[in-house]
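So the structure is just underneath, and the comments pick up after that.
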Amino acid sequence: MNRQRAVVVTRDGVINRRVAHGFVAQWQEFEFMPGALEGLRLLAEQGYEVFVISRQECVGEGLLGWSDLERLTHRMQLEVALAGGYIADVYYCTHSRWNSCACRPPGTALLKQLLKEHQLYPDDVFLVSDDSDDLVAAWRLGVRTVLVERGAFLCDPRNRHSEVASNLAEAARRIVDRDLVSVDSIVLEELPPGMLSPGGKSSALGVLAHQNNAGEWR
């Protein structure tokens, strides 16, 4: 049975720039981060289902109406689609900062709801965020993570529990590369005759081509 690969992306700071007063109130304030549209397009092209998850306490605090947030969300999804990407669903925690809800990271309720409603296995999912609390929530559920951080190329990966990328485009490439390695290591155990090179080593591209022809991989 094919299992859907998915990527959960937090919104502010990864898809769009954060704003000085704390939340995006209208579309004119919504500015895509460098690499965001490229990354979302790559994930769509590679068959990943993409979800957005975000804390928008401004709604719970009466600073932004739910209908206003919905309009922003629909416009974001439209712009992403026009750029070749696709956002399957969006989940928001709209509780105020003074509400000790279970969905605010590092709480796991919202991410757990997303996984359950879309029947996703945690080990088939990556979460991409610039906030360590989001990463902790993902780790608690067994979801792999990518931290978006400026100057990611300066970070020592040995000191990290997460992949590190400078923007969403780089995060997407890392996810795709990591899954290609995983696919290669899995199917090598059941390679059909003739799929090995003359030197006895397999080709990742050959394996993937074989699986694509068989209709077993996206």
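The values are calculated or read from the model by the stated rules, or taken from the named source; none is laboratory data. What you see is a predicted model, and the numbers here were worked out from it, not measured in a lab. For neighbour counting, all protein chains shown are included, and Cβ atoms are generated from backbone atoms with ideal geometry for every residue, glycine included.
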Matching option when the condition is modelled with pLDDT under 95, out of contact with any Phe, Trp or Tyr (no Cβ under 7 Å at 6 or more places or on another chain) and either at negative phi or among the polar types (S, T, N, Q) (or both), among P105, P122: P105
The listed residue being at pLDDT 95 or above and part of a helix (DSSP H, G or I), out of R173, R158: R173
Count - residues of segment 137-155 that are of a type outside the set (K, R), more than 14 Å from R55 (Cβ to Cβ), at pLDDT 90 or above and outside any loop (DSSP other than H, G, I, E, B): 7
Given (1) under 15 Å from the mean Cα position of the chain (by Cα); (2) among the polar types (S, T, N, Q); (3) exposed (fewer than 14 other Cβ atoms within 10 Å of the Cβ), number of the condition S129 does not satisfy: (3)
